[in-house]
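Reading through the structure tokens given below for one structure.
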Amino acid sequence: MGVTVDGRDEESNSSTLAVTKSRFRYNSPLVQVCLIGLVCFCCPGMFNALSGMGGGGQVDHTAANNANTALYTTFAVFGILGGGIYNILGPKITLLSACSTYVLYAGSFLYYNHYKHQSFTIAAGALLGIGAGLLWAAEGAIMTSYPPPNRKGSYISLFWSIFNMGGVIGGLIPFILNYHRSDAASVNDATYIGFMCFMFAGALLSLAILPPNKVVRDDGTRCSNIKYSKVSTEVTEILKLFLNWKMLLIVPASWASNFFYSYQFNNVNGLQFNLRTRGLNNVFYWGAQMMGSIGIGYLLDFSFNSRRTRGLFGIAVVALLGSGIWAGGFANQLNYSHSKLPEKLDFKDSGSGFAGPFVLYFSYGLLDAMFQSMVYWVIGSLADDSETLSRYSGFYKGVQSAGAAVAWQVDTHKVPLMSQLIVNWGLTTISYPLLIILVVLAVKDDTSNNSEQLTSKEANPVSVDGGTGKTT
């Protein structure tokens, strides 16, 4: 470790590789983004389904709220450090160690189902925060640096769709296993065991991810010239992020992007619906995320020729849609509070009363995917190399997790529901003009990229083994 690939040798090869035409090469960006999508399908996708039930599937939300506070506190630290750790360890070790913590977290709720002791659950949450920080820093680096620059929106939407299919399947697990328990308060053991099986599969699948210097795009360029970094380098570069004006403009969007989960999961889905209906709602919530990511990904890649114009248009669309959805949430929130709890809705028995809150929860999922995909696209447009983007993504996830840690305690302390909604609405609204400023000042339109790559490729062709990425 701490070894770098010789810059001159790599430069002579990285932009001149002749590759097979198949996009389904093992070392292609498409296959690698699909693989990281499947890893996230199994691990954070199932975690999202578990959290989306409200209280981790328990009638008392206290244990889950405290575990999530511990989780996002350590996540905030290791999210920021995660990019540097990824640059030192590479994807396989980083992802395998990260995915293992998801299995432990689901198992802690299985333990809690029997013994009602919070200590194990909170400790598992803290460990998961470390693992999640590493996983999302690695994911961010792969998703933003592996794709070609003019197709980052499409690859982000592809990843987001695969990842959120985990939430869809994960939502079906409690729905099916608890279908005949319409009056049940907490999910059964089989639900947690099902989550653990998927998470363990994700840990094994992470071993299939290639490092960036072995991934070759269709035009023959490598995704990164650097194989490993140094600890001293990463510490210095991570500290610089706190003075980087680009990162500072992203802070409100980062803080907002997970802050609303405690409100949506616990106080919309958790308070308004019974157990089996919460599972069904999550199928559609995460399904809506797939739709939202595909829609915004198309706009950010194909709506206009200018990359900067596409970014500004995408932000405008998300801002308008988001304002409408939060306005609908405001109207819904007028109907209940902590002191005036609503009657639990059931998808079969509640008739038309189920429709409005269900559509709102679906819309929250749609907005979440569009908002986060938009932010990832902006981050991916700020650089092209894996090293820099892993740090940027880690910073984004770190700030995001700090906001989430605060949000889960806000819910634990029973802050008025209307106040929670207004804060969430306000945070997302503040982020839009700052992202517009960032796109205007920092996102460049590169019209010469393709011609430069073609000239370089013709000048010095090199062949590549499609399975290993080795030059010949």
- Can you tell me which residue in region 393-406 is surrounded by the most Cβ atoms within 10 Å (Cβ to Cβ), limited to those that are under 14 Å from the mean Cα position of the chain (by Cα) and modelled with pLDDT under 90? Gly394
- Go through (1) modelled with pLDDT of 95 or more; (2) polar (S, T, N, Q); (3) within 21 Å of Leu248 (Cα to Cα) one by one and return the number of the condition Ser419 breaks. (3)
- Item | Tabulated pairs, region 135-151, first closer than 18 Å to Gly311 by Cα, second basic (Lys, Arg) and open to solvent by less than 10 Å² (accessible area, probe 1.4 Å), C-beta under 9 angstrom, 6+ apart or interchain | Met143/Lys152; Thr144/Lys152
- Message: Residues to consider are Phe163, Phe175; find the one that is more than 30 Å from Asn27 (Cβ to Cβ), in a helix (DSSP H, G or I) and either open to solvent by 10 Å² or more (accessible area, probe 1.4 Å) or in contact with a helix residue (DSSP H, G or I) (Cβ under 9 Å, 6 or more places away or on another chain) (or both).
- Response: Phe175
- Pairs under 6 Å by beta carbon, first residue in contact (Cβ under 8 Å) with a residue 24 or more places away in the chain and aliphatic (A, V, I, L, M) in region 254-272, partner in a helix (DSSP H, G or I) and surrounded by fewer than 22 Cβ atoms within 10 Å (Cβ to Cβ), six or more apart or different chains? Ala256/Leu427
- Message: I want to confirm something. Restricting to region 83-132 and keeping residues that are without any contact (Cβ under 8 Å) to a residue 60 or more places away in the chain and more than 27 Å from Thr62 (Cβ to Cβ), which single residue is most open to solvent (accessible area, probe 1.4 Å)?
- Response: Ile93
- Mind checking whether some residue in region 266-273 is in contact with a helix residue (DSSP H, G or I) (Cβ under 7 Å, 6 or more places away or on another chain) and over 25 Å from Asn332 (Cβ atoms)? no
- Within region 178-193, can you find the residues that are open to solvent by less than 20 Å² (accessible area, probe 1.4 Å) and either modelled with pLDDT of 85 or more or among the hydrophobic types (A, V, I, L, M, F, W, C) (or both)? Val187, Thr191, Tyr192
- Within the bounds of region 31-52, is there any residue that is touching a helix residue (DSSP H, G or I) at 6+ places or on another chain (Cβ under 7 Å), surrounded by 22 or more Cβ atoms within 10 Å (Cβ to Cβ) and at pLDDT below 85? yes
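Within region 357-380, can one find any residue that is more than 26 Å from Gly287 (Cα to Cα) and part of a helix (DSSP H, G or I)? Show your work before the answer.
Of all residues in region 357-380, those more than 26 Å from Gly287 (Cα to Cα) come to none.
Within region 357-380, not a single residue is more than 26 Å from Gly287 (Cα to Cα) and part of a helix (DSSP H, G or I).
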- Looking at region 301-320, is at least one residue touching a residue at least 24 places away in the same chain (Cβ under 8 Å) and within 15 Å of Tyr361 (Cβ to Cβ)? no
- Task: Among the candidates Gly398, Gly322, Gly394, single out the residue that is touching a helix residue (DSSP H, G or I) at 6+ places or on another chain (Cβ under 7 Å), farther than 22 Å from Ser161 by Cα and not aliphatic (A, V, I, L, M).
- Result: Gly398
- Note on the structure: Note on Ser350: of the conditions (1) surrounded by 15 or more Cβ atoms within 10 Å (Cβ to Cβ); (2) touching a residue at least 12 places away in the same chain (Cβ under 8 Å), unmet is (2)
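The values are calculated or read from the model by the stated rules, or taken from the named source; none is laboratory data. These numbers come from a predicted model, not from an experiment. Neighbour counts run over all protein chains shown; Cβ positions are idealised from the backbone, glycine included. The accessibility values were calculated without ligands, DNA or RNA, using every heavy atom of the protein model including side chains. Shrake-Rupley method; radii C 1.70, N 1.55, O 1.52, S 1.80 Å.
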